[in-house]
Amino acid sequence: MEDQLEIAGKRFKSRLIAGTGKYRTTEDMVQAIEASGTEIVTVAIRRLDLDNPNEKTILDYLDWNKYNILPNTAGCRTLEEAMFVARLGRSVTNSNWVKLEVIPDPKYLFPDPAETLKAAEQLIKEGFVVLPYIHADPVLAARLEGIGCVTVMPLGSAIGSGQGIHTSEEIRIIIEQAKVPVVVDAGLGVPSEAAHALEMGADAVLVNTAIAQAQDPVLMAQAFRQGVEAGRKAYLAGRISKKMYASASSPTQDVPQPVSTSG
């Protein structure tokens with residue numbers, strides 16, 4: 001069977017989830033998302049202008065037959081705000097999937113664990129399929145999985161920072177314990193970091209700023225696509241174990257000796 005990402009019963013060939021924020025132009029966004037090969041595109045509902053029906057939004061530029069639109073609650077600081085935006089997203093997209101973000105801190109943009117857990121509980125009761133964005137906290141990840149979240153999405157580092165993965169050890173524990181897909185979300189800056197996440201055993205990554213703010217977003221999207229694919233293949237192939245000392249790659253014993261032609 002082809003290796004695919006499975007979330008809440010849906011199967012996806014791509015393990016790269018793409019964001020839609022921070023692009024310089026709508027054309028850049030559309031072309032980069034196409035180049036990324038993604039099948040899941042997340043959209044910040046709160047940042048859409050829904051008051052003017054004649055004004056186009058990001059949603060009008062995305063092919064809904066090609067991409068699974070994942071509404072998110074970016075910009076929400078409290079449980080109440082997140083609940084309101086999640087419900088709005090469901091009405092706008094006709095999808096009960098939601099990427100849950102509850103972020104009260106404007107400087108570091110770290111998610112609020114207590115409010116995220118409470119919001120997830122309420123949303124699940126209302127029939128939502130919840131994909132929560134969290135700090136790399138194995139205990140919280142297990143709690144969220146336990147109440148019915150279909151993924152856990154630990155951060156690699158601060159949103160939009162491009163610092164890479166600072167939480168490798170915690171993410172490894174989450175991967176070891178989780179029975180739902182683990183999606184590394186936030187902080188990735190270059191494709192090698194996405195590859196590293198997949199090599200560790202993460203099921204997918206979510207990338208926005210690293211692609212959107214690249215000098216060439218389309219080329220960077222292609223690079224992330226290849227990085228994710230390489231990382232997944234490396235994980236499936238199984239890396240060699242690390243050794244304390246060198247190990248010659250050429251044999252040192254039982255090497256055939258040249259046949260003497262003299263005498």
Pair list, Cβ < 9 Å and 6+ apart or interchain, from the stretch 53-72 residues that are basic (Lys, Arg) to residues that are in a loop (DSSP other than H, G, I, E, B) and modelled with pLDDT of 90 or more: Lys66/Glu39
Residue list for the stretch 83-101, filter: within 14 Å of Pro132 (Cα to Cα) and among the basic types (Lys, Arg): Lys99
Count of the stretch 96-130 residues which are closer than 20 Å to Thr57 by Cα and surrounded by fewer than 16 Cβ atoms within 10 Å (Cβ to Cβ): 0
Failed item, numbered, when Ala136 is tested on (1) within 26 Å of Gln31 (Cβ to Cβ); (2) at pLDDT 95 or above: (1)
Yes/no for Leu198 being in contact with a Phe, Trp or Tyr (Cβ under 7 Å, 6 or more places away or on another chain), modelled with pLDDT of 95 or more and not in a loop (DSSP other than H, G, I, E, B): yes
Residue satisfying condition, being in contact with a Gly (Cβ under 9 Å, 6 or more places away or on another chain) and modelled with pLDDT under 95, within set Lys22, Lys13: Lys22
Residue within the stretch 96-115 that is within 20 Å of the chain's Cα centre (by Cα) and among the hydroxyl-bearing types (Ser, Thr, Tyr) present: yes
Residue ID - surrounded by the fewest Cβ atoms within 10 Å (Cβ to Cβ), chosen from residues in the stretch 2-37 that are among the charged types (D, E, K, R) and assigned to a loop (DSSP other than H, G, I, E, B): Glu2
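For every residue, the table says whether it meets (1) at pLDDT 95 or above; (2) in contact with an Asp or Glu (Cβ under 6 Å, 6 or more places away or on another chain); (3) surrounded by fewer than 22 Cβ atoms within 10 Å (Cβ to Cβ).
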| residue | (1), (2), (3) |
| --- | --- |
| Glu169 | yes, no, yes |
| Ile173 | yes, no, yes |
| Gln177 | yes, no, yes |
| Asp185 | no, no, no |
| Leu206 | yes, yes, no |
| Gln226 | yes, no, yes |
| Ser249 | no, no, yes |
| Gln253 | no, no, yes |
Sole residue being out of contact with any Pro (no Cβ under 6 Å at 6 or more places or on another chain), hydrophobic (A, V, I, L, M, F, W, C) and closer than 23 Å to Glu193 by Cα, chosen from Val152, Val139, Val92: Val152
Residues of the stretch 49-84 that turn out to be under 15 Å from Pro104 (Cα atoms), buried (at least 17 other Cβ atoms within 10 Å of the Cβ) and more than 18 Å from the chain's Cα centre (by Cα), as a count: 5
Count of residues meeting criterion [at pLDDT 95 or above, touching a strand residue (DSSP E or B) at 6+ places or on another chain (Cβ under 9 Å) and not aliphatic (A, V, I, L, M)] in the stretch 25-58: 5
Any hit, the stretch 105-124, residues being farther than 17 Å from Gly19 by Cα, β-branched (Val, Ile, Thr) and touching a Leu at 6+ places or on another chain (Cβ under 7 Å): yes
Residue that is nearest to Pro111 (Cα to Cα) [pool: residues in the stretch 165-183 that are within 13 Å of the chain's Cα centre (by Cα) and in a loop (DSSP other than H, G, I, E, B)]: Ile165
Some residue of the stretch 38-48 being touching a helix residue (DSSP H, G or I) at 6+ places or on another chain (Cβ under 8 Å), among the basic types (Lys, Arg) and surrounded by 21 or more Cβ atoms within 10 Å (Cβ to Cβ): no
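Looking only at the stretch 230-244, which residues are among the charged types (D, E, K, R), in a helix (DSSP H, G or I) and touching a residue at least 24 places away in the same chain (Cβ under 8 Å)?
Arg232
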Test: residue in the stretch 206-226 that is among the polar types (S, T, N, Q), within 15 Å of the chain's Cα centre (by Cα) and not in a helix (DSSP H, G or I): yes
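The values are calculated or read from the model by the stated rules, or taken from the named source; none is laboratory data. Since the model is a prediction, treat every value here as computed from it, not as a measurement. Ideal geometry is used to build each Cβ from the backbone, glycine not excepted, and the neighbour counts take in all protein chains shown.
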